[in-house]
Amino acid sequence: MKLRILIITLFLQLTAWAQSPKIIKGTIVDGSLNNTPLAYATIVIKGTQTGASSDENGLFEFECPDGIHTLEASYMGYKTQEFQVDTNHLNDLSIVLVAEEDTMEDLVITVSQNKQNEAVLLGEQRKSLEIKQQIGAQELSRKGVGDVATAVTKTTGVNKQESTGGIFVRGLGDRYNSTTLNGLPLVSNDPENKNIRLDIFSTDIVEFISIDKTYLARNYGDFGGANIDIVSKKHTGNGTFNIQIGANANTNAIGQKDFQLQSGRGVLGFSNNKSIPDNALNNYGFKTPFNTSTANVPYGGNFGFNGGKTFFVGDEGKLSIFGTASFTNDYEYREGINKTLSAEGARRKDLFQKTYGYNTNTTGMFNVNYDLNSSNNIAYNFLFVNSSSLRSDDYRGYLVDQAEGPNGGIINRNTYVENRLMTHQLLGNHQLGEQTTLNWGASYNKVTSDLPDRTQTTMRWNDNAGGYTLVGQTNSDNHRYFHFLDEKEIIANASVEHKIGKREDGTFRGKIVAGYNGRFKKRNFEATQFNLRIDYAEREIARDPSNLDAFFNQENLAAGKFEILTFRGNVPNALEPQFYNGDLKIHAGYANFEFQFSEKLYGLFGVRYEKIRQLVDWKTQMDNSGLEDLYEKNAFLPSLNLKYELNGTQNLRLSASKTYTLPQFKERVPFIYEKVDESSFGNKDLYASDNYNLDIKWEYFPQNDEILSATLFGKYIKNPINTTNVASSTNDITYVNTGDYGYVAGIEIEVRKNLFYFSDDNSNKLSAGLNFAYMKTEQELNEEKVRAENNFSSNFTYDKAGFTGASEFLGNVDLTYYKSWKDKNVLATLAYNYNSDRIYALGVEGKGNLVDKGFGTLDFIFKTKLNEHFGLGFTAKNILNPSIERMQENITENLLVRSYKLGMNLGVSLNYSF
């Protein structure tokens with residue numbers, strides 16, 4: 001009986017479907033930029049699997065049985081639309097999908113595409129002819145990421161060097177990468193770096209971050225690892241206003257009963273004690289003390305708000321305004337060994353280091369986006385970032401030739417750095433006709449980096465004095481140091497895009513783009529170090545290490561117990577600072593040809609020409625003659641991108657290009673940057689290296705928010721630049737083209753997958769992400785080349801080595817549970833990051849390479865929305881708290897030279913949306 005009923009039911013179903021099928025077809029758009037097509041959206045008959053996905057032009061078509069049906073159109077991150085159709089009265093459908101946070105009023109869409117959404121970014125990646133890797137605000141929130149530096153390390157093949165904060169992409173560090181904001185270059189806030197520190201950017205300003213590891217002709221040719229483009233948030237939808245407050249704590253810091261910091265610095269990160277005293281050689285008018293004092297309870301916090309609104313102007317215009325401001329501070333503490341060893345393992349420094357730190361970040365952003373009409377758009381962006389770092393370092397132990405007794409010596413260094421970035425950007429987009437578009441952009445960047453009055457003292461245990469006495473072996477053992485960097489840059493971009501190959505349906509097969517880029521940068525850097533030379537008799541008197549202001553004061557200066565000198569001594573022009581100036585001019589023209597050669601094959605061919613002029617001049621301690629040096633280069637840079645659509649969900653891609661790596665200002669100037677454990681200086685004979693890049697990528701998109709991809713990549717670098725020790729008594733570090741070649745080769749894998757659905761929709765699910773990179777790097781180290789091209793030599797321990805900063809293996813894994821109901825939701829993410837061993841510095845003079853050992857970090861993020869207005873969050877980062885270790889891998893044995901722990905970081909937050 002049951003079998004008969006089943007057969008009858010199946011017969012009736014087949015009869016219904018056997019009737020003449022009807023064709024439902026139409027277009028899906030997302031309403032942004034005047035209802036542009038929405039690719040890969042889904043439309044089905046509700047409750048069935050019958051339906052289709054829209055193509056790249058938003059078009060869809062599928063067969064259905066005769067009758068009245070309820071259709072469901074959906075796309076991840078957009079509101080699902082339901083409506084009925086009667087197959088007896090069919091017309092082409094036009095469906096408008098709206099982002100989840102946006103609304104429709106009288107069928108007028110008032111929002112732009114939501115590129116904060118993971119699925120939207122994957123859809124764009126799928127359609128693009130370029131090899132893209134992007135991370136949006138939604139994913140950043142899910143992973144509890146608070147700054148851009150941490151954000152990029154969540155993507156494949158990217159890691160951050162803990163000791164310097166530098167970003168490495170596919171094993172290539174600061175000099176090989178570039179940073180842009182909305183496609184326009186940013187200047188560095190640090191005289192020692194090419195790129196601005198990404199950790200000063202709060203993710204509050206970010207819509208999404210694009211990491212372009214393959215070269216495109218529209219970008220500047222100084223490219224080897226990646227260009228990191230920060231795209232700032234813009235307002236969409238209804239008016240909003242949000243407030244967030246929070247608190248944070250580092251387990252190392254709160255475990256210190258006496259948290260020591262230098263006093264006199266602004267708690268908000270804006271310091272007013274920057275000026276050098278008048279007549280500083282004879283007038284001890286320094287405002288910053290040597291002494292540290294116990295700080296308040298070392299708990300940090302944050303406060304921020306953002307809001308936006310859209311206004312309609314006339315019949316066609318739309319004005320969107322968005323602003324955000326935030327302040328955050330945090331404390332850090334670490335302790336551990338810090339050694340400098342010879343090739344035989346003999347000690348030069350054997351110290352126990354304690355570091356107390358206090359950091360602030362103040363960020364403000366404001367932007368205006370004005371659609372004059374459907375063909376013209378103008379946008380203005382303003383960004384202000386002020387970051388500060390206050391560190392008190394206490395080193396105790398063995399110092400060769402200075403403190404070799406059993407009680408050792410003490411080095412105290414207090415450092416305060418305040419960096420400030422101010423950026424103005426103006427961008428325009430103009431549709432000149434059906435086929436032609438004009439795009440332009442201009443920006444003015446200003447960065448200042450102020451290090452006012454760094455203090456350092458050196459002491460040793462003196463048995464005769466029965467206590468610690470001041471060391472005066474060299475004039476710089478005790479000093480006060482000031483430097484100030486001011487950099488200004490003007491950027492100008494313009495391009496014309498013309499579509500070609502019009503089809504019968506009105507779409508185009510390709511386009512030609514021609515453009516110009518201009519970059520004009522000026523840097524001024526000044527530094528003054530006041531060396532405090534101690535009278536010989538005073539070096540035999542015991543002093544209290546915690547109260548050296550009792551000795552360094554005006555009274556003792558006037559009494560001759562110490563004197564103040566600069567590198568020039570105590571002469572009439574002694575206060576004239578060391579300086580260097582940098583002037584960079586780049587004029588570039590480029591052309592791109594993009595075309596669809598067949599139903600599945602697409603190509604993007606580019607060529608770029610750059611004329612580069614870099615001028616530096618200086619007067620420094622190493623060279624006070626007032627010289628200048630000009631470096632010029634003409635670069636011809638071809639690029640190729642091919643995309644083959646294996647089917648509707650899979651792509652095969654190839655990218656090849658030539659680029660270069662330009663020496664930076666400070667790398668070509670003979671100025672000494674002194675640290676406690678090392679010193680470095682520039683080399684005017686340094687020159688650019690050339691890079692040859694190849695990528696092959698396969699990608700598969702099972703669903704709108706899922707991806708599986710694999711990339712093979714390789715780079716050949718001609719005349720690579722490295723830091724290396726100079727063969728001399730000082731053993732200082734400099735920059736040099738160390739060999740004729742170097743290469744990087746590897747594979748990257750990325751997976752994002754929804755593991756389990758606990759309901760019929762996306763409101764209750766478990767998802768996971770995995771990405772890892774495996775790479776090999778090698779470069780030639782050629783002593784004869786170094787000797788022939790420079791006025792010094794480097795005695796490398798090995799004739800080949802890996803690239804500094806390059807980990808052989810990098811990996812990220814995250815697991816996320818998400819549930820939403822009504823106006824509530826819960827999100828919990830567990831994220832793990834690992835990087836394997838990497839070379840910190842190349843070995844010379846028989847010493848082995850300094851290698852930072854691999855370690856992993858585990859983070860937990862929990863967020864919940866309690867109702868329409870309130871949200872709570874909790875984060876626990878670096879839960880495993882591994883030891884951060886550096887080894888000197890000598891020929892005979894590996895020796896531990898540095899070790900410390902960062903501590904676990906805990907945070908809570910409260911959000912309120914009006």
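The values are calculated or read from the model by the stated rules, or taken from the named source; none is laboratory data. Just so it is clear, the structure is predicted and the values come from calculations on it, not from any experiment. Please note: Cβ atoms are built from the backbone with ideal geometry, for glycine as well, and neighbour counts cover all protein chains shown.
Descriptive notes on the structure:
- Residue match in the stretch 724-741 (condition: within 28 Å of ASN771 (Cβ to Cβ), in the same structural domain as PRO670 (by TED's automatic domain parsing) and within 25 Å of the chain's Cα centre (by Cα)): no
- Any pair with Cβ under 7 angstrom, 6 or more apart, that starts in the stretch 358-369 at a residue that is closer than 14 Å to LEU427 by Cα and touching a residue at least 12 places away in the same chain (Cβ under 8 Å) and ends at one that is outside any strand (DSSP E or B) and among the basic types (Lys, Arg): ASN367/LYS234; ASN369/LYS234
- Entry remark, the stretch 838-890: residues being over 30 Å from PHE792 (Cβ atoms) and not aromatic (Phe, Trp, Tyr) number 28 in total.
- So ARG265, is it part of a loop (DSSP other than H, G, I, E, B), not assigned by TED's automatic domain parsing to the domain that holds ASN719 and not aliphatic (A, V, I, L, M): no
Rundown of residues vs (1) at pLDDT 90 or above; (2) touching a His at 6+ places or on another chain (Cβ under 9 Å); (3) of a type in the set (Val, Ile, Thr), yes/no style:
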residue	(1), (2), (3)
GLY285	no, no, no
VAL297	no, no, yes
GLY304	yes, no, no
ALA325	yes, no, no
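- Neighbours by Cβ (under 8 Å, 6+ apart or cross-chain): first from the stretch 787-815, not assigned by TED's automatic domain parsing to the domain that holds PRO670; second part of a strand (DSSP E or B) and of a type outside the set (Lys, Arg): none
- Looking only at the stretch 804-822, and only at residues there that are surrounded by 17 or more Cβ atoms within 10 Å (Cβ to Cβ) and of a type in the set (D, E, K, R), the one that is farthest from LEU172 (Cα to Cα): ASP814
- Residue match in the stretch 563-575 (condition: closer than 27 Å to ASN445 by Cα and modelled with pLDDT under 95): no
- Some residue of the stretch 512-532 being polar (S, T, N, Q) and touching a Lys or Arg at 6+ places or on another chain (Cβ under 7 Å): no
- Residues of the stretch 451-478 that turn out to be among the charged types (D, E, K, R) and surrounded by fewer than 18 Cβ atoms within 10 Å (Cβ to Cβ), as a count: 1
- Residue in the stretch 605-613 that is over 30 Å from the mean Cα position of the chain (by Cα) and not hydrophobic (A, V, I, L, M, F, W, C) present: no
- In the stretch 243-261, the residues that are buried (at least 20 other Cβ atoms within 10 Å of the Cβ) and either closer than 30 Å to ASN177 by Cα or modelled with pLDDT under 90 (or both): none
- Strands (runs of 3 or more DSSP E) (entirely within the stretch 657-764) containing at least 2 residues that are under 20 Å from ARG787 (Cβ atoms) and modelled with pLDDT of 85 or more: 733-737, 741-757
- Count of the stretch 479-534 residues which are hydrophobic (A, V, I, L, M, F, W, C), under 30 Å from GLN621 (Cβ atoms) and either in contact with a Phe, Trp or Tyr (Cβ under 8 Å, 6 or more places away or on another chain) or buried (at least 19 other Cβ atoms within 10 Å of the Cβ) (or both): 8
- Selection from the stretch 765-810 of residues that are among the hydrophobic types (A, V, I, L, M, F, W, C) and not in a loop (DSSP other than H, G, I, E, B): LEU766, ALA768, LEU770, PHE772, ALA773, MET775, VAL786, ALA788, PHE796, ALA801, PHE809, LEU810
- Within the stretch 129-158, being closer than 17 Å to THR711 by Cβ and modelled with pLDDT under 70 holds for no residue.
- Screening HIS424 on (1) closer than 30 Å to THR236 by Cβ; (2) at pLDDT below 95 shows it passes everything except condition (2).
- Every residue from the stretch 536-561 that is over 45 Å from the mean Cα position of the chain (by Cα) and over 19 Å from ASP463 (Cα atoms): GLN554, GLU555, ASN556, LEU557, ALA558, ALA559, GLY560, LYS561
- Residues that are among the hydroxyl-bearing types (Ser, Thr, Tyr) and crowded, with 17+ Cβ neighbours inside 10 Å, drawn from the stretch 535-576: THR566
- Note on the stretch 617-640: residues that are hydrophobic (A, V, I, L, M, F, W, C) and under 28 Å from TYR692 (Cα atoms) amount to 5.
- Candidates LEU421, LEU470, LEU451, LEU438, filtered to the one that is under 30 Å from GLY510 (Cα atoms) and in contact with a Leu (Cβ under 9 Å, 6 or more places away or on another chain): LEU438
- Test: VAL813 is more than 30 Å from ASN683 (Cβ to Cβ), more than 27 Å from the chain's Cα centre (by Cα) and of a type in the set (Val, Ile, Thr): no
- Residue-level analysis places TYR590 outside the set of residues that are surrounded by 15 or more Cβ atoms within 10 Å (Cβ to Cβ), aromatic (Phe, Trp, Tyr) and modelled with pLDDT under 95.
- Selection status of TRP440, in a strand (DSSP E or B) and either farther than 30 Å from VAL313 by Cα or not hydrophobic (A, V, I, L, M, F, W, C) (or both): no
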